[in-house]
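Below is one structure; the comments refer to it alone.
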Amino acid sequence: MQFFLKKIPQPPKPVLIIIIWLNIIVGILVIANSVYRDVQLEKRYPGDLRNRQVGARLIEDGKLPYFYKWRPGDAIRYYDPNNADSFKVSIITATPFFHRLIIPFCDKPFNTFAKYWLVLQYVCFGIIMFTALSLCRTTFAKLAVFNTCLLFLLTEAWILNAENGQIYVLIATFFSVSGWLLLKYKNAVALAVAGLCIVMLVLMRPIAIVLLIPFLLHIKQYRRLLTFTLLPAILYGLFYLVSPFERALWKNYAAGMKEQLKLHQNAGPAMQKNYKIDTLTQLEGFDVARASQIMASEYEPNKSENGNIFYLYFIVTHTYMSLYLLNILLVVTLITCAILYYKGSGPDGSNIARAVMFGMVLYMLTEIFSPVHRQQYNTVQWLPIILLLFACIRSYNNTVCFLIALGILLNISNTHLLPMRHTIGELIFCCAFMLAFYKQGIIERPGVRHKI
């Protein structure tokens, strides 16, 4: 790893070639081991993926999904064992737009769908890595990007994404593609696709609207990008207006999220009797009985963490933080970060690399302040942000790089000697990026200072 390159001279070419080949060999071994591990984990039943599939099927069939509970007589295609709880609200939480994205594939048997999804996660991993590598200008930057990717495959964030069939690697891919287009190109096609990616991110995760804050701070500089972002948003808005079912979906989603908020804040969510198939052994080709046996025989303590500010407050005080206070803290944090960014971004804000990364960090901060529990798999969204930093870094500031390295190692570690170590690692990432944004000359992309 090249975290302290300021003090490391350029090695002779033969040594550099040996280093590159060693990285390639280690990379092949790490990736092969990760693929094998994740294939085994997928056999444990990726429960989160099942609720996405059921949600897409319900929407495909013209049904509202966010309070759906399976009843005897309903088709087995709508059955999700994890949804047979005691709550009125469904465990389906992804947005209507995300479910529409997977409708073309949602009718596949669950066993097949789960395998496709695992392959998709590794395709996304490849896209994230290769887009970052294409932005690097030195061999050392490429080695930093490559090794960071390998380390992320060892984090609990990646492991839980694979095990649960989560969507956050896909979100990270949209981060990478939009950032790559904005940093690599400056033509209208690239801006249009980047704008479309941003709109899709917002429709999949509404909090992603904060990605636009750094561009709005320098609106004259980024007028074209904002225009290209507005156009697909208007088109979807028109679809929303002319489609009664789409409007009903989003209203149903909003109501479901309000009920989820009550559930996560222990504020008296609505309860009801729901039905479970106790004799279920197979679910669309997936061996549920075998999955239960595997989990029982390979039991491991839960290594995930709820990396939220309100949860950290609860650990310390044993009381829930009021939503009013939580929102105030979020607004103050975002404003403070925006001021630090604005001071370090120069008079015209023309450093597109800083703007892209700052928007992504604001997104992660907003997620950390979410009143809904975050699981460990959310952390994988840091990967494209860190890779962009190493690809675009001009001065290898020892403090920034050390903090990033420490945060990654904490997210790999599973020692119980340090409680909330993964969350601490995320907060360290935030500090590292704020330092990089505030200090001039750390993040630079020569040749891309232009109005977009």
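Listed values, structure above:
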| item | result |
| --- | --- |
| Selection within the range 89-125 - over 24 Å from Phe152 (Cα atoms) and of a type in the set (S, T, N, Q) | Ser90, Thr93, Thr95, Asn111, Thr112 |
| Cross-chain or 6+ apart pairs with Cβ under 7 Å, the range 248-263 first and of a type outside the set (Val, Ile, Thr), then in a helix (DSSP H, G or I) and buried (at least 19 other Cβ atoms within 10 Å of the Cβ) | Leu249/Ile59; Leu249/Pro96; Trp250/Pro96; Tyr253/Pro96 |
| Long-range neighbours under 8 Å by Cβ, at least six apart or interchain, first residue within 25 Å of Val400 (Cβ to Cβ) and at pLDDT 85 or above within the range 5-33, second in a helix (DSSP H, G or I) and of a type in the set (S, T, N, Q) | Ile20/Thr139; Asn23/Asn147 |
| Qualifying positions in the range 329-367 - in contact with a Lys or Arg (Cβ under 7 Å, 6 or more places away or on another chain) and of a type in the set (A, V, I, L, M, F, W, C) | Ile352, Ala353 |
| Selected residue [touching a helix residue (DSSP H, G or I) at 6+ places or on another chain (Cβ under 8 Å) and either of a type outside the set (S, T, N, Q) or loosely packed, with under 13 Cβ neighbours inside 10 Å (or both)] from Leu325, Leu312, Leu263 | Leu312 |
| Selection within the range 406-426 - under 19 Å from Ile385 (Cβ atoms), in contact with a Leu (Cβ under 9 Å, 6 or more places away or on another chain) and of a type outside the set (Ser, Thr, Tyr) | Gly407, Ile408, Leu409, Leu410, Asn411, Ile412, His422, Ile424, Gly425, Glu426 |
| Qualifying residue in the range 273-284 (condition: farther than 20 Å from Arg50 by Cα, surrounded by 13 or more Cβ atoms within 10 Å (Cβ to Cβ), at pLDDT 90 or above and of a type in the set (Lys, Arg)) | no |
| Condition met for Ala162 (closer than 19 Å to Ser34 by Cβ and either of a type outside the set (Phe, Trp, Tyr) or surrounded by fewer than 17 Cβ atoms within 10 Å (Cβ to Cβ) (or both)) | yes |
| Selected residue (criterion: nearest to Met200 (Cα to Cα)) from residues of the range 221-235 that are touching a residue at least 40 places away in the same chain (Cβ under 8 Å) and of a type outside the set (A, V, I, L, M) | Phe228 |
| Residue list for the range 177-218, filter: closer than 26 Å to Leu340 by Cβ and among the charged types (D, E, K, R) | Arg205 |
| Boolean, Ile103 is in contact with an Asp or Glu (Cβ under 6 Å, 6 or more places away or on another chain), over 21 Å from Val380 (Cβ atoms) and either polar (S, T, N, Q) or surrounded by fewer than 21 Cβ atoms within 10 Å (Cβ to Cβ) (or both) | yes |
| Meets criteria (among the aromatic types (Phe, Trp, Tyr) and in contact with a helix residue (DSSP H, G or I) (Cβ under 7 Å, 6 or more places away or on another chain)) for Phe369 | yes |
| Residue check, Leu226 farther than 20 Å from Pro371 by Cβ and either polar (S, T, N, Q) or in contact with a helix residue (DSSP H, G or I) (Cβ under 9 Å, 6 or more places away or on another chain) (or both) | yes |
| Condition met for Tyr78 (surrounded by fewer than 18 Cβ atoms within 10 Å (Cβ to Cβ) and either over 22 Å from Leu203 (Cα atoms) or of a type in the set (Lys, Arg) (or both)) | no |
| Residues (of a type outside the set (Lys, Arg), within 30 Å of Leu326 (Cβ to Cβ) and modelled with pLDDT under 90) located in the range 285-309 | Pro301, Asn302, Ser304, Glu305, Asn306, Gly307 |
| Failed item, numbered, when Leu153 is tested on (1) within 19 Å of the chain's Cα centre (by Cα); (2) under 26 Å from Ala355 (Cβ atoms); (3) modelled with pLDDT of 95 or more | (2) |
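One line per residue, one yes/no per condition, for (1) part of a helix (DSSP H, G or I); (2) in contact with a helix residue (DSSP H, G or I) (Cβ under 8 Å, 6 or more places away or on another chain); (3) surrounded by fewer than 16 Cβ atoms within 10 Å (Cβ to Cβ); (4) among the charged types (D, E, K, R):
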{"position": "Pro14", "(1), (2), (3), (4)": "yes, no, yes, no"}
{"position": "Ile19", "(1), (2), (3), (4)": "yes, yes, yes, no"}
{"position": "Ile25", "(1), (2), (3), (4)": "yes, no, yes, no"}
{"position": "Ile28", "(1), (2), (3), (4)": "yes, no, yes, no"}
{"position": "Gly55", "(1), (2), (3), (4)": "yes, yes, no, no"}
{"position": "Lys69", "(1), (2), (3), (4)": "no, yes, no, yes"}
{"position": "Asn82", "(1), (2), (3), (4)": "yes, yes, yes, no"}
{"position": "Ile91", "(1), (2), (3), (4)": "no, yes, no, no"}
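The values are calculated or read from the model by the stated rules, or taken from the named source; none is laboratory data. The shown structure was predicted, so the numbers you read here are calculated from the model rather than taken from an experiment. As a convention, Cβ positions derive from the backbone with ideal geometry for all residues, glycine included, and neighbour counts pool all protein chains shown.
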